[in-house]
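A short reminder: the numbers here are calculations on the coordinates, not readings from a lab. Since the structure is predicted, the reported quantities are computational estimates derived from the model, not experimental observations. Here Cβ is always computed from backbone atoms with ideal geometry, including for glycine, and neighbour counts include all displayed protein chains.
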Amino acid sequence: QKEVEQNSGPLSVPEGAIASLNCTYSDRGSQSFFWYRQYSGKSPELIMFIYSNGDKEDGRFTAQLNKASQYVSLLIRDSQPSDSATYLCAVNMGGGSNYKLTFGKGTLLTVNP
Amino acid sequence: DGGITQSPKYLFRKEGQNVTLSCEQNLNHDAMYWYRQDPGQGLRLIYYSQIVNDFQKGDIAEGYSVSREKKESFPLTVTSAQKNPTAFYLCASSPQGLASGTQYFGPGTRLTVL
């Protein structure tokens, strides 16, 4: 069974620190990778996606992908209390299910003022 | 404004009743999805549709039904056969032709069985 694994947390960091969120996936053929943020009681919102090995930066967020290790991460620099949320990793495993995403269970991040 | 709408926001159902959750999008997206989210379980795919008049079962389709008569609409019916329907239901859509499969979510419907 194709899986996406995340540490459920909670991950607690002080305001201004770097938060590092990690995700591993089981299907080596996976093609694209997504990070969503979900506030309590709300729906997920897309933060960023990455296709290629290496880093992709968008403001305070950096996604890192290592396909050889089947590992994708999200770094949040200068963390703010408003970043406190659950972060979902999602993977497009491609092939015949090109439009389906498999989601991890999410990591709860708490940023302490 | 372009977006995905879901209604109602909260829904209460008595045991044995069927209920229908609405999902509408004006993003001109071809693909639409229904997920269920339970505490600590992440998102689980119920049904998805890539084109009008066609849909496929996801991982947990039992006790649910869908239709896709219009590109903009993808309603989900929770039938009495679904034994534990209390959950947060999320609809998403995605533009076809993008290999990435980026999905955008509606605000969700919280269903409670009384």
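One line per residue, one yes/no per condition, for (1) surrounded by fewer than 17 Cβ atoms within 10 Å (Cβ to Cβ); (2) within 11 Å of chain B (Cβ to nearest Cβ); (3) under 29 Å from B:ILE4 (Cβ atoms):
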residue: A:GLU3; (1), (2), (3): yes, yes, yes
residue: A:GLY16; (1), (2), (3): yes, no, no
residue: A:TYR36; (1), (2), (3): no, yes, yes
residue: A:THR62; (1), (2), (3): no, no, yes
residue: A:GLN80; (1), (2), (3): yes, no, yes
residue: A:ALA85; (1), (2), (3): no, no, yes
residue: A:ASN92; (1), (2), (3): no, yes, yes
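Kindly indicate the residue of the stretch B:64-114 that is charged (D, E, K, R) and touching a strand residue (DSSP E or B) at 6+ places or on another chain (Cβ under 7 Å) and also farthest from A:GLY29 (Cα to Cα) among those meeting that condition. Before the answer, list the steps.
If we filter the stretch B:64-114 for residues that are charged (D, E, K, R), which is where we start, we get B:68-72, B:83, B:110.
From what's left, touching a strand residue (DSSP E or B) at 6+ places or on another chain (Cβ under 7 Å): B:68, B:72, B:110.
Working: B:ARG68: 30, B:GLU72: 32, B:ARG110: 35 Å.
It comes out as B:ARG110.
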Return only the number of the condition from (1) part of a loop (DSSP other than H, G, I, E, B); (2) more than 9 Å from chain A (Cβ to nearest Cβ); (3) surrounded by fewer than 17 Cβ atoms within 10 Å (Cβ to Cβ); (4) not charged (D, E, K, R) that B:THR77 does not satisfy.
(1)
Of everything in the stretch B:50-61, what is under 23 Å from B:GLY3 (Cα atoms) and either away from chain A (no Cβ under 14 Å) or of a type in the set (A, V, I, L, M) (or both)? Give them in sequence order.
B:ILE51, B:VAL52, B:ASN53
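Of the residues B:TYR47, B:TYR33, B:TYR64, B:TYR89, which is under 25 Å from A:VAL4 (Cα atoms), touching a Phe, Trp or Tyr at 6+ places or on another chain (Cβ under 8 Å) and away from chain A (no Cβ under 14 Å)?
Result of the check over B:TYR47, B:TYR33, B:TYR64, B:TYR89: B:TYR64.
What about A:LYS42, is it assigned to a strand (DSSP E or B) and either free of Cβ contacts under 8 Å to residues at least 12 places away in the same chain or at the interface with chain B (Cβ under 9 Å from one of its Cβ atoms) (or both)?
When the stated conditions are applied, A:LYS42 does not pass them.
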Would you point out which residue out of B:SER65, B:SER22 is surrounded by 15 or more Cβ atoms within 10 Å (Cβ to Cβ), polar (S, T, N, Q) and over 23 Å from A:GLN38 (Cα atoms)?
B:SER65
